[in-house]
Amino acid sequence: MKITIIIGSNQNANISTSYKISEMVQETLMSLGNEVEIVELSKCKIDMCKGCCSCFKTGKCIMNDDINMLREKLIATEHIIVVSPVYAHNVTGLLKNFIDRTSNWLHILGLLGKTSSTIVVASSNGNIYVADYLKKTLEFYGTVYIGNLNITVDAPKMFDDKEMLKLIMDRYTQKIVNFDRTKISLECVERQSGIFASFKKVYTTSEMVKTFEEEMWASDKALKKNSFIEAYHIRRSDYLEKNEK
């Protein structure tokens with residue numbers, strides 16, 4: 001399985017707990033036969049979103065920077081792990097800007113057919129707020145969300161307890177590897193099913209001038225299906241067929 005880890009930490013890799021945890025997860029997943037790449041947003045050139053809404057209308061951003069490379073990288077992967085430290089009970093500005101710059105995916109389920117999970121690192125608290133926000137965002141992207149790994153570095157000192165850290169990391173990575181992607185239950189994708197039905201109604205009954213989003217819902221073979229689960233399997237099947245060639 002091809003896996004991409006997106007790290008939203010502002011810190012350099014040599015002092016970032018988020019990076020160290022990501023490396024440990026990468027090593028474990030690679031030992032299980034997966035191809036795993038780490039991408040640090042701090043090393044990418046991603047200009048601030050201008051809020052012009054061009055991406056919603058045309059499907060393209062007016063700026064030409066590393067966001068295009070990152071979009072292609074995530075489209076070419078099968079499982080996405082988003083990693084963020086907690087900043088004032090929220091994600092980092094780097095990660096929020098990345099989400100803003102890919103926000104037209106939220107209206108077309110741009111990462112449909114993929115699975116996702118998160119890693120949230122905090123000093124002591126705030127994990128639950130960040131994990132919930134990232135879960136919701138990834139579900140709006142169209143991914144099937146598998147779970148979150150919470151790490152606290154001060155209270156309690158999870159990073160110093162190597163035995164406990166290995167135990168929870170093994171559980172996390174096993175969940176990613178062993179998740180049955182061929183059998184998705186309605187309960188597992190309750191939010192995505194609601195999103196799919198709502199957007200389908202909005203974008204296929206509008207009498208307004210056609211936008212990129214409306215064209216996607218009218219022409220994409222996955223989005224033309226009657227349910228999120230059907231759409232997920234179509235898009236996943238296309239991904240697997242393309243990557244087997």
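Compute the separation of the alpha-carbon centres of the range 126-169 and the range 31-57 and state it in Å as a whole number.
Cα centres, the range 126-169 to the range 31-57: 20 Å.
I'd like the distance between the alpha-carbon centres of the range 82-123 and the range 185-231, rounded to an integer number of Å.
So the two Cα centres are separated by 22 Å.
With every protein chain in place, what's the accessible area of Ser219 (1.4 Å probe, Å², nearest 10)?
Rounded to the nearest 10, the figure is 80 Å².
Is there a pair in Lys135/Lys183; Lys200/Lys224; Lys2/Lys60 whose C-alpha atoms are over 18 Å apart, and which pairs would that be?
With Cα atoms farther than 18 Å apart: Lys135/Lys183; Lys2/Lys60.
At 222 nm, what value in deg cm²/dmol follows for the chain if DSSP H runs of at least 4 each add -39500 (n - 2.57) and the sum is divided by all its residues, to the nearest 500?
After summing the helix terms and dividing by the residues of the chain, the value is -14000 deg cm²/dmol.
Please list, in order along the range 225-237, the HN-Hα scalar couplings obtained from phi with the Karplus expression 6.51 cos²θ - 1.76 cosθ + 1.60 (θ = phi - 60°), rounded to whole Hz, x for Gly and Pro.
Taking θ as phi minus 60°, the curve returns 5, 8, 8, 4, 4, 4, 5, 4, 5, 5, 5, 5, 4 Hz for the range 225-237.
Accessible area of Thr205, 1.4 Å probe, to the nearest 10 Å²?
Ignoring ligands and nucleic acids, Thr205 comes out at about 90 Å².
If you roll a 1.4 Å probe over the heavy atoms of the protein chains, what accessible area per residue do you get for the chain, in Å²?
So the chain comes to 50 Å² accessible per residue, rounded to a whole number.
Roughly how many percent of the accessible protein surface of the chain is carbon and sulfur, given a 1.4 Å probe and a whole-percent answer?
54 percent
When all protein chains stay in place, what accessible area (Å², nearest 10, 1.4 Å probe) is found for Met169?
Here the accessible area works out near 10 Å².
The values are calculated or read from the model by the stated rules, or taken from the named source; none is laboratory data. Since this is a predicted model, take the numbers as computed values, not measurements. Calculation scope for accessible area: heavy atoms of the full protein, side chains included, ligands and nucleic acids excluded. Shrake-Rupley method; radii C 1.70, N 1.55, O 1.52, S 1.80 Å.
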